[in-house]
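Single-structure report; data block below.
The values are calculated or read from the model by the stated rules, or taken from the named source; none is laboratory data. Every value quoted in this text rests on a predicted model; they were computed, and no experiment measured them. Glycine also receives a Cβ, built like all others from the backbone with ideal geometry; neighbour counts cover every protein chain displayed. Calculation scope for accessible area: heavy atoms of the full protein, side chains included, ligands and nucleic acids excluded. Shrake-Rupley method; radii C 1.70, N 1.55, O 1.52, S 1.80 Å.
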Amino acid sequence: MGLLNTLKYHGRGVVLPVEEMKALIQRAMKARNITHVTDFGAGTLFWSQWFAGALQLTVAAVDTAYTHDAPRNMYPGISMHANIDDVLALRKNSGENSAIFICDVIHHLPPALWQSLFIQITEIFDLIIIKDIDANAKVGNFLNKMHDRIINGEKINNVYPGHIESHLARHGFATQINKMPKLWYPHFMITGAKGAAQ
């Protein structure tokens, strides 16, 4: 892990409401008897390691930063994948109660790619957990965009929790939105459970 990734890993709790997120995730996973989680946009493996360790789940960590020649099982219970399509194909007929966790990824994706991916994940997963930045909070959303523009050189897209929630509801998911501002970041997290009240 390089210096920047080390700083990101250890600094996560400064900008994210980590403990609140963990409590909500754990409750949602337990209610659905989840045994496998796909961590899409896993990056430094901060969440993947927590899923595999504290929750004792098997984890598919997905990030474009993982090269195809990187070791696939460097951490117990975690397999690493460079492409989400490979994992979706494996999960489609697995027969396991599975979840997908998407933390601060959607605002990095081209909208057309996200729309296509969203349709697929609603067909495959029993539980969908999405954490991102609420574009309805104009100032906080702008500051997050500036952060990503300056630090990563990326153009960021707006993410509206209401759009995600209505899409999940149309596909038979019971949803819950939690708004968790921290510092200037307007964080939100949506959990969507297929065909079940939360």
Problem - Out-of-range pairs (alpha-carbon distance over 27 Å; input 30/145; 30/155; 30/131; 92/138) - result: 30/145; 30/155; 92/138
Practice task
Using a 1.4 Å probe over the heavy atoms of the protein chains, calculate the carbon and sulfur portion of the accessible area of the stretch 46-198 as a whole percent.
Solution key: 56
Exercise for the section: Run the dipole for the stretch 147-191 about the Cα centre, Lys and Arg Cβ at +1, Asp and Glu Cβ at -1, nothing else charged, and hand back the magnitude in debye, nearest 20. Expected result: 60
Fill in the blank from the handout: the chain: antiparallel bridges as % of DSSP beta bridges, rounded to 5, reads 45
Fill in the blank from the handout: Expected unfolding gain across residue 94-residue 136 under the 0.36 nm per residue rule, minus the alpha-carbon gap, is 11.4 nm
Handout entry: Theoretical ellipticity at 222 nm over the chain - DSSP helices of four or more residues, -39500 (n - 2.57) apiece, nearest 500
Key = -13000 deg cm²/dmol
Practice task
Specify which residue in the list 18, 99, 42 is farthest towards the positive end of the charge dipole of the chain, using unit charges on the beta carbon of Lys, Arg (+1) and Asp, Glu (-1), about the Cα centre.
Solution key: 18
Practice task
Please work out the Cα center distance from the stretch 66-136 to the stretch 146-169, rounded to the nearest Å.
Solution key: 16
Exercise for the section: State to the nearest 20 debye the size of the charge dipole of the chain about its Cα centre, where the only charges are +1 on K and R beta carbons and -1 on D and E beta carbons. Expected result: 400
Handout entry: log10 of Debye I(q)/I(0), alpha-carbon scatterers only, for the stretch 57-198 at 0.20, 0.22 Å⁻¹
Key = -1.31, -1.42
Handout entry: Accessible area in square angstrom per residue, the chain, 1.4 angstrom probe
Key = 50
